[in-house]
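Novice: First, the structure itself, so that you have it in front of you.
The values are calculated or read from the model by the stated rules, or taken from the named source; none is laboratory data. Computed from a predicted structure; not experimentally measured. Every residue, glycine as well, gets a Cβ built from its backbone with ideal geometry; the counts of neighbours run over all protein chains shown. Keep in mind that these areas ignore ligands, DNA and RNA; they rest on the heavy atoms of the full protein, side chains included. Shrake-Rupley method; radii C 1.70, N 1.55, O 1.52, S 1.80 Å.
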Amino acid sequence: MNTKVNKSYYGYFFIAPFFVGFTVFGLVPILYTLYLSFMKWDGFTDPVYVGLANYSRLLQDSFFYQTIGNTLIIWILSIVPQLILALLLALILNEKFVRGKHFFRAVYFFPHIVTPVTLGVMFSLLFDWQTGSVNKLLMSVGILQEPFNWFNSPLWSRIIVALVTCWQYFGFNMIVFIAGLQAIPETVYEAAEVDGATRTQIALKITLPLLRPVFLFTFITSVIGGLQLFDSALMLGAGPENSTRTMVMYLYETAFKNFDYSYGSAVAFGIFAVVMFFTAVTARASKLKE
Amino acid sequence: MQGATKQPIAVVIILYAFLIAVAITCLLPFYSMFITSTHANSDIARRLLLIPGDQFMANYERLIDTVNIWRGFLNTVFITVTATAINLYFAALGGYGFSKYQFRFKGFLFLFVLGTMMIPGQLGIIGFYKLMDAFHMLNTYWPLILPSIYNAFGIFLMKQFADSSVPTEIIESGRIDGSGELAIFHRIVLPLMGPAMATLGIFAFIGKWNDFLNPMIILFDNELQTLPVMIASVKSQFSSDFGAQYVGIVISVVPILIFFSFMSKRIISGVAAGAVKG
């Protein structure tokens, strides 16, 4: 036992690489970004201190507000069907009589591991109004008479970006829900059946309340992930009237297309504030329901 | 709920119909992509394609004349494998450190590690770019590989595993044999952590394989570029050559499809395990 106490400080050596790595590649870049956000800098001449000028510009930047709105609308359009679908499928696949569980789970999960950029390009091709399969399919079954230009309509552009996101994440959420369902002990259901509860009552009064922590987990991860939507959205473009330009797309374009690093830094912290705000709202809302 | 009772046949049919309909929705875009990639542009524009054509090679030739997509594939393999190996080693190191040593501020430091998971990835991207510029590391693979040293989720997963599956007695006996602490970790602990490393390795691999923003801003040379960035550039370079674009997507999806068909059980149970612990 003596050796164990003596060796305890070795723990610092084992965890040190994480802290060194985080400091160099995580923390210092964040602090440097914060520093840049108080500067005026084009990347060539020396940075000049301008105080809060970038932030006051950000607060008056209607373009930035538009990207917040776009991101939120796309997020809501994708999260609602995504969670409903994930929950329904999880409940069905948790039933004992269903055959081929693994096959269905694997098929639903597959879109999640495909490169998001590839998904974005794929959907932009499928929904292309002249050559895409979607228009061809809808015309051949008689729903459309002539090709419809999806990416000409702000609403449809947003729906398509949301559709890609939904399609990409519902299988992941379903797996999380199934794991949550399987963590509910069998005895709870047996007791309810003995008490004569109907299936609907069991679902509403037992399953859903017991799944709450899992819902919270999914909701918070999807707020953080969904508000940072970038890869697939970039491939689908900014949309008509900039209707599908997301917050991170705006950050990328400001900093790495227009080379306005200092204002881009302020945009990065603006996005951070928005994400933190909605994470806090989500956490708060789920506590209030208790 | 757990269906000890017999289900009415109509309910069963409706449920299966629903499951199959969703499965078709998942697979149809991929099917359409495969089929379309085998047709000439004139056919792609004219009609709905349901059966394979014979123009795949022609589309493929036009694609690789301009974009060295296999080079991008190999670049991505190199970056992903290296980064995943570093990720696994240092996650195991940190997780083991948090699990088996009692040092001051341990609880606080572990909370700090978990807290770093909440930071959105793009927050420091501009500073990261500028810092890598200062290190003269732009247009190299270092900025894509070295940050794998810190992976909070990996440390969390490895600590959980070491807590439950690496017995402290085995470490004690290593010390009695006179091994150094790092030698104990390398010879005794690391082999025991295999199962957790397999799960973490899959996540790290997929995440790195799909990484897009970092290589896009860090790398300038087309020859160094990764597959996702090449796919993105195919979209802009071949804006009117749809056949070539479809071939590009097929080349991006097929390796993932093969990987997934071998690993799907492991990946899905890993996701489930990660979710329950998180």
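Novice: Looking at the stretch A:250-269 only, could you name the residues that are under 21 Å from the mean Cα position of the chain (by Cα) and open to solvent by 10 Å² or more (accessible area, probe 1.4 Å)? Reasoning before the result, please.
Specialist: First, the residues of the stretch A:250-269 that are under 21 Å from the mean Cα position of the chain (by Cα): A:250-253, A:267-269.
Hits for the stretch A:250-269 are A:250, A:252, A:253, A:269.
Novice: Do the conditions hold for residue A:188, that is, is it in a helix (DSSP H, G or I), at the interface with chain B (Cβ under 10 Å from one of its Cβ atoms), closer than 29 Å to residue B:44 by Cβ and not small (Gly, Ala, Ser)? Step through it out loud before you land on a result.
Specialist: On the way: in a helix (DSSP H, G or I): yes; at the interface with chain B (Cβ under 10 Å from one of its Cβ atoms): yes; closer than 29 Å to residue B:44 by Cβ: no; not small (Gly, Ala, Ser): yes.
No.
Novice: Just checking: which of the helices (runs of 4 or more DSSP H) contained wholly in the stretch A:1-69 hold 1 or more residues that are modelled with pLDDT of 95 or more and either of a type in the set (A, V, I, L, M) or under 30 Å from residue B:135 (Cβ atoms) (or both)?
Specialist: Values: elements: A:2-6, A:10-22, A:28-36, A:53-59.
Answer list for the stretch A:1-69: A:10-22, A:28-36, A:53-59.
Novice: Quick one: which of A:193, A:186 is out of contact with any His (no Cβ under 9 Å at 6 or more places or on another chain) and surrounded by 14 or more Cβ atoms within 10 Å (Cβ to Cβ)? Full working, then the answer.
Specialist: Values: A:186 fails: surrounded by 14 or more Cβ atoms within 10 Å (Cβ to Cβ).
Answer to the selection: A:193.
Novice: With the structure loaded, tell me whether residue B:176 is free of Cβ contacts under 8 Å to residues at least 12 places away in the same chain, within 11 Å of chain A (Cβ to nearest Cβ), β-branched (Val, Ile, Thr) and over 23 Å from residue A:37 (Cα atoms) or whether it fails that test. I'd like the intermediate steps shown before the answer.
Specialist: Details: free of Cβ contacts under 8 Å to residues at least 12 places away in the same chain: yes; within 11 Å of chain A (Cβ to nearest Cβ): yes; β-branched (Val, Ile, Thr): yes; over 23 Å from residue A:37 (Cα atoms): yes.
Considered against the rule, which asks whether it is free of Cβ contacts under 8 Å to residues at least 12 places away in the same chain, within 11 Å of chain A (Cβ to nearest Cβ), β-branched (Val, Ile, Thr) and over 23 Å from residue A:37 (Cα atoms), residue B:176 comes out as yes.
Novice: Just to be sure, is residue A:70 of a type outside the set (Phe, Trp, Tyr) and either out of contact with any helix residue (DSSP H, G or I) (no Cβ under 6 Å at 6 or more places or on another chain) or surrounded by fewer than 20 Cβ atoms within 10 Å (Cβ to Cβ) (or both)? Step through it out loud before you land on a result.
Specialist: Working: of a type outside the set (Phe, Trp, Tyr): yes; either out of contact with any helix residue (DSSP H, G or I) (no Cβ under 6 Å at 6 or more places or on another chain) or surrounded by fewer than 20 Cβ atoms within 10 Å (Cβ to Cβ) (or both): yes.
Yes; evaluated as a whole, the condition is true for this residue.
Novice: Considering (1) part of a helix (DSSP H, G or I); (2) at the interface with chain A (Cβ under 9 Å from one of its Cβ atoms); (3) open to solvent by 10 Å² or more (accessible area, probe 1.4 Å), say which one residue B:117 fails and leave the rest.
Specialist: Of everything listed in (1) part of a helix (DSSP H, G or I); (2) at the interface with chain A (Cβ under 9 Å from one of its Cβ atoms); (3) open to solvent by 10 Å² or more (accessible area, probe 1.4 Å), residue B:117 misses just condition (2).
Quick grid of which residues meet (1) part of a helix (DSSP H, G or I); (2) closer than 21 Å to residue A:111 by Cβ; (3) of a type outside the set (Ser, Thr, Tyr); (4) in contact with a strand residue (DSSP E or B) (Cβ under 6 Å, 6 or more places away or on another chain):
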residue: A:213; (1), (2), (3), (4): yes, no, yes, no
residue: A:217; (1), (2), (3), (4): yes, yes, yes, no
residue: A:220; (1), (2), (3), (4): yes, no, yes, no
residue: A:225; (1), (2), (3), (4): yes, yes, yes, no
residue: A:234; (1), (2), (3), (4): yes, yes, yes, no
residue: A:241; (1), (2), (3), (4): yes, no, yes, no
residue: A:253; (1), (2), (3), (4): yes, no, yes, no
residue: A:263; (1), (2), (3), (4): yes, no, no, no
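Novice: Name the single residue, out of those in the stretch A:126-152 being buried (at least 16 other Cβ atoms within 10 Å of the Cβ) and polar (S, T, N, Q), that is farthest from the other protein chains (Cβ to nearest Cβ).
Specialist: Taking the candidates together, the pick is A:135.
Novice: So, one more: Any idea which residue in the stretch B:39-71 is least open to solvent (accessible area, probe 1.4 Å), counting only those that are assigned to a helix (DSSP H, G or I), within 14 Å of another protein chain (Cβ to nearest Cβ) and free of Cβ contacts under 8 Å to residues at least 60 places away in the same chain? If you could, list the steps in order and put the result at the bottom.
Specialist: Step one: of the stretch B:39-71, the residues assigned to a helix (DSSP H, G or I) are B:41-46, B:56-66, B:69-71.
From the residues that got through so far, the ones that are within 14 Å of another protein chain (Cβ to nearest Cβ) too are B:41-46, B:59, B:63, B:69.
Narrowing further to those that are free of Cβ contacts under 8 Å to residues at least 60 places away in the same chain: B:42-43, B:46.
Numbers: B:42: 68, B:43: 36, B:46: 160 Å².
Among them, the one singled out is B:43.
Novice: Which one of the conditions (1) part of a loop (DSSP other than H, G, I, E, B); (2) open to solvent by 40 Å² or more (accessible area, probe 1.4 Å) does residue A:98 fail to meet, given that it meets all the rest?
Specialist: Unmet condition: (2).
Novice: List every residue pair whose Cβ atoms sit under 6 Å apart, with the two residues 6 or more apart in sequence or on different chains, where the first one lies in the stretch B:258-271 and is more than 9 Å from chain A (Cβ to nearest Cβ) and the second, anywhere, is of a type in the set (A, V, I, L, M) and assigned to a helix (DSSP H, G or I).
Specialist: B:270/B:202
Novice: Please give the number of the condition residue B:109 fails out of (1) touching a helix residue (DSSP H, G or I) at 6+ places or on another chain (Cβ under 6 Å); (2) within 7 Å of chain A (Cβ to nearest Cβ).
Specialist: Condition (1) is where residue B:109 drops out.
Novice: Would you mind telling me which numbered condition in (1) under 16 Å from residue B:119 (Cβ atoms); (2) out of contact with any Leu (no Cβ under 6 Å at 6 or more places or on another chain) residue A:217 fails?
Specialist: The one condition residue A:217 does not meet is (1).
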